[in-house]
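Note sheet for the following structure.
The values are calculated or read from the model by the stated rules, or taken from the named source; none is laboratory data. Predicted, not measured: the structure shown is a model, and the values here were computed from it. Neighbour counts run over all protein chains shown; Cβ positions are idealised from the backbone, glycine included.
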Amino acid sequence: MRRSLMHVTLVFVTGVVPEFAMAQPTSPPARFHTTVSWVEVATGTLDPVSSPNGVLEPGESALMRLSLEFSPGVGQLVRYWVSGVGWLESPVAGFSDTYFSAIATGAGGGTWTLAPSPPEFPSGLFITLPETGSVLVAGAWQPFPAPGQMPNAMNPLPNLWAATWTPPHYTARTAEFRFQSASPAGYLFAEFPSAPGGFHGVEVRQMEFGVVNIPIAPAPASCLPFLALGFTALRRTRRRT
């Protein structure tokens, strides 16, 4: 499984940024700061439910969104080593790409559906494991800029990646999704010091992630008191008969 993840990541990076000269970051260390959030949406749509209560119930799916901020920021200098060239120092030009996985506990399976991403930053859902509800490889990237163009310098990047997860059943439990970065976590664009219009791919090895916990209930929480009342009344009726 580990070999497969590395293979897909490397192939995908090569396809997205074939003109990169890959470089190892040194000082300051390049870093991705990420946040992952979720909201309840109607299954099969991206429409938020009318009365969200923080619990996933029948007819609902979880829309997870990943936002990212990178450092050093655009225009700040980063010093890195390029094989066959030596040490270089140049300004960061923008975000290039990132790859990660989400390992599920308590999900019991489920279905993932990629949600639309910002047009400047396409995203992907490459391999899923339906038997565990885990995303093995996912990511987002910025296409290599056209000649004479600079990369999009947006930072932070809100809702860079998004996908919905629909559980296979709504048995009461909490599904935990632990997001982890690939190795490397991704790349930043850095300008060529002596070649205007060219860019290095500066490797990002540090990526901060969190855990998303999604409570699941078999019936809307607002209905539970009525269900309990009905069950009590049924027991009383049986006793009388």
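In segment 72-124, the residue that is surrounded by the most Cβ atoms within 10 Å (Cβ to Cβ) out of those that are in contact with a strand residue (DSSP E or B) (Cβ under 7 Å, 6 or more places away or on another chain) and acidic (Asp, Glu) is ASP97.
Restricting the search to strands (runs of 3 or more DSSP E) fully inside segment 35-136 and requiring at least 1 residues that are small (Gly, Ala, Ser) and out of contact with any His (no Cβ under 6 Å at 6 or more places or on another chain) gives 60-71, 86-105, 123-129. Tell me yes or no: at least one residue of segment 208-219 is at pLDDT below 90 and buried (at least 18 other Cβ atoms within 10 Å of the Cβ). Yes: one or more hits.
Scoring GLY110 on the criteria (1) at pLDDT 85 or above; (2) at negative phi leaves a single failure, condition (2). Residue count for segment 28-64 satisfying the condition of being closer than 18 Å to GLY139 by Cα and surrounded by fewer than 17 Cβ atoms within 10 Å (Cβ to Cβ): 3.
Each row is one residue, and each column tells you yes or no for (1) more than 30 Å from ASN213 (Cβ to Cβ); (2) within 22 Å of the chain's Cα centre (by Cα); (3) touching a residue at least 40 places away in the same chain (Cβ under 8 Å).
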| position | (1), (2), (3) |
| --- | --- |
| PRO48 | no, yes, no |
| ASN53 | no, no, yes |
| LEU66 | no, yes, yes |
| GLU69 | no, yes, yes |
| GLY73 | yes, yes, yes |
| SER90 | yes, no, yes |
| GLY94 | yes, yes, yes |
| THR105 | no, yes, yes |
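All of (1) part of a loop (DSSP other than H, G, I, E, B); (2) more than 26 Å from ALA104 (Cα to Cα); (3) modelled with pLDDT under 90 hold for PRO151 with one exception: (3).
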